1. Select from region 37-68 the residues that are among the acidic types (Asp, Glu), assigned to a helix (DSSP H, G or I) and open to solvent by 40 Å² or more (accessible area, probe 1.4 Å) and list them in ascending order.
2. Would you check which residues across region 69-80 are among the basic types (Lys, Arg) and either under 18 Å from the mean Cα position of the chain (by Cα) or surrounded by 10 or more Cβ atoms within 10 Å (Cβ to Cβ) (or both) and list them?
3. Say whether the condition of being farther than 14 Å from ARG2 by Cβ, modelled with pLDDT of 95 or more and touching a helix residue (DSSP H, G or I) at 6+ places or on another chain (Cβ under 6 Å) is met by at least one residue in region 39-61.
4. List every residue pair whose Cβ atoms lie under 7 Å apart, where the two residues are 6 or more positions apart in sequence or sit on different chains, the first residue falls within region 60-79 and is under 12 Å from GLN34 (Cα atoms), and the second residue, located anywhere, is polar (S, T, N, Q).
5. Working only within region 25-59, note down all residues that are more than 29 Å from ASP73 (Cβ to Cβ) and touching a strand residue (DSSP E or B) at 6+ places or on another chain (Cβ under 6 Å).
6. Looking at (1) open to solvent by less than 40 Å² (accessible area, probe 1.4 Å); (2) at pLDDT below 95; (3) not basic (Lys, Arg), which is the one condition that is false for LEU83?
7. Which pairs do you get when a residue that is closer than 17 Å to GLU33 by Cα, found in region 1-19, comes within reach of a residue that is in a loop (DSSP other than H, G, I, E, B) and open to solvent by 30 Å² or more (accessible area, probe 1.4 Å), reach meaning Cβ atoms under 6 angstrom, with the pair 6+ apart or on two chains?
8. Has region 19-36 got any residue that is open to solvent by 50 Å² or more (accessible area, probe 1.4 Å), in a helix (DSSP H, G or I) and small (Gly, Ala, Ser)?
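The values are calculated or read from the model by the stated rules, or taken from the named source; none is laboratory data. Keep in mind it's a predicted model, so treat the numbers as computed, not measured. Quick reminder, even Gly has a Cβ in these numbers, built from the backbone with ideal geometry, and neighbours come from all protein chains shown. Ligands, DNA and RNA are stripped out before the accessible areas are found, and what is left, the full protein with its side chains, is counted by its heavy atoms. Shrake-Rupley method; radii C 1.70, N 1.55, O 1.52, S 1.80 Å.
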Amino acid sequence: MRHVADIPHPAVKITLLAWNGKFLLKLEQGNLEQTYKVAELDLLTGTDAEVRELLDEEFLAGAIERFQAMRADLQAAFDRHELR
């Protein structure tokens with residue numbers, strides 16, 4: 001796996017990786033992580049510049065909302081099992 005870039009964002013740590021004919025967009029917030037795999041063949045030129053275009057405002061807003069839902073789901077599981 002090759003590290004391509006760290007992409008700055010105020011609310012999410014974004015890492016772009018390349019591996020096995022795919023780009024991986026790794027988004028992290030605290031102890032949670034989302035990874036999106038994008039095949040090079042699904043892009044026009046297969047470059048990381050195209051993958052960066054996916055990180056528009058709408059995509060990132062959805063990902064941040066998803067982190068909130070993930071955090072709520074995890075907390076609910078802890079609560080059900082009285083682990084916290």
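1. So the first thing to find is which residues in region 37-68 are among the acidic types (Asp, Glu), and the list is 40, 42, 48, 50, 53, 56-58, 65.
Subset that is assigned to a helix (DSSP H, G or I): 40, 42, 48, 50, 53, 57-58, 65.
Within region 37-68, GLU40, ASP42, ASP48, GLU53, GLU57, GLU58, GLU65 meet the criteria.
2. Kept after step one, since they are among the basic types (Lys, Arg), are these residues of region 69-80: 71, 80.
Passing the criteria: only ARG71.
3. So far as region 39-61 goes, yes, one or more of its residues are farther than 14 Å from ARG2 by Cβ, modelled with pLDDT of 95 or more and touching a helix residue (DSSP H, G or I) at 6+ places or on another chain (Cβ under 6 Å).
4. From residues that are under 12 Å from GLN34 (Cα atoms), the pairs are ALA63/GLN34; ARG66/GLN34; PHE67/GLN29.
5. ASP48
6. The failed condition is (1).
7. LEU17/MET1
8. Of all residues in region 19-36, those open to solvent by 50 Å² or more (accessible area, probe 1.4 Å) come to 19-20, 22, 26, 30-31, 33, 35-36.
Subsequent filtering for residues that are in a helix (DSSP H, G or I) retains none.
Within region 19-36 (the criterion being open to solvent by 50 Å² or more (accessible area, probe 1.4 Å), in a helix (DSSP H, G or I) and small (Gly, Ala, Ser)), the answer is no, since none of the residues qualifies.
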